[in-house]
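Right, one structure below, let's go through it.
The values are calculated or read from the model by the stated rules, or taken from the named source; none is laboratory data. Everything numeric in this text was worked out from a predicted model, so none of it was measured. Here the Cβ positions follow ideal geometry from the backbone for every residue, glycine too, while neighbour counts run over all protein chains shown.
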């Protein structure tokens, strides 16, 4: 791999120069242009980071669920320590620092949620619902507003959930019966939902997560 020199603060100074003709530029516009310059440079040298905003969740009934569904689905079960809810997927981004600076909505936010009811997404994902959906959607909208400069595409349908298994094969009749048993089960009445900025690095063994903002 070829090495190349990287100067500290070179990107912000480039942005400042490019915007020097307009001293009345808004902070939101400045952040957007700065991010564009950073993204161009980082993507050129494969320096981007795959990011999302979410919260890790604990599900004590996870082992029992895996056992009950072992006869009707096969696939990749998520490691217990990696169970999480993705509130907003950011994709490949060039600079986490600008994102953290603009994330006002998640500072000092700790919500109480419940994990209840199993369901399937297009026969490919086994997941559990998070409630209250409306409160989580409000938080999602506030975060989206904070990060408007990223120009992310809005979700067509907001469905907060925790993915349990990515399904490869399924036995429909028996699996439908299991889902019926669990569709109204309340697994956790009160769980802490602390939204954080998280990096997801994909590896052949599965995703590796790293917290970029930690709970207070």
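Going by the structure shown, is residue 168 under 13 Å from the mean Cα position of the chain (by Cα), in a strand (DSSP E or B) and exposed (fewer than 14 other Cβ atoms within 10 Å of the Cβ)? Before the answer, list the steps.
On the way: under 13 Å from the mean Cα position of the chain (by Cα): no; in a strand (DSSP E or B): yes; exposed (fewer than 14 other Cβ atoms within 10 Å of the Cβ): yes.
Against the criterion (under 13 Å from the mean Cα position of the chain (by Cα), in a strand (DSSP E or B) and exposed (fewer than 14 other Cβ atoms within 10 Å of the Cβ)), residue 168 does not qualify.
Among the residues of region 192-216, the ones that are modelled with pLDDT of 95 or more and within 13 Å of residue 57 (Cβ to Cβ) come to 2 in all.
Any residue at all in region 177-184 that's crowded, with 18+ Cβ neighbours inside 10 Å, part of a strand (DSSP E or B) and touching a strand residue (DSSP E or B) at 6+ places or on another chain (Cβ under 7 Å)? No. The lone criterion from (1) outside any strand (DSSP E or B); (2) surrounded by fewer than 17 Cβ atoms within 10 Å (Cβ to Cβ); (3) in contact (Cβ under 8 Å) with a residue 24 or more places away in the chain; (4) in contact with a helix residue (DSSP H, G or I) (Cβ under 8 Å, 6 or more places away or on another chain) left unmet by residue 154 is number (3).
Here residue 128 does not fit the description of being more than 20 Å from residue 178 (Cβ to Cβ), buried (at least 19 other Cβ atoms within 10 Å of the Cβ) and in contact with a strand residue (DSSP E or B) (Cβ under 8 Å, 6 or more places away or on another chain).
What is the number of the single condition among (1) more than 16 Å from residue 53 (Cβ to Cβ); (2) not in a helix (DSSP H, G or I) that residue 174 does not meet? All conditions pass for residue 174, except number (2).
If you take the residues of region 131-149 that are part of a helix (DSSP H, G or I) and in contact with a strand residue (DSSP E or B) (Cβ under 6 Å, 6 or more places away or on another chain), which of them is surrounded by the most Cβ atoms within 10 Å (Cβ to Cβ)?
Pass one, region 131-149, residues part of a helix (DSSP H, G or I): 133-146, 148-149.
Adding the requirement that they be in contact with a strand residue (DSSP E or B) (Cβ under 6 Å, 6 or more places away or on another chain) leaves 140, 143.
On the way: 140: 20, 143: 22.
The selected residue is 143.
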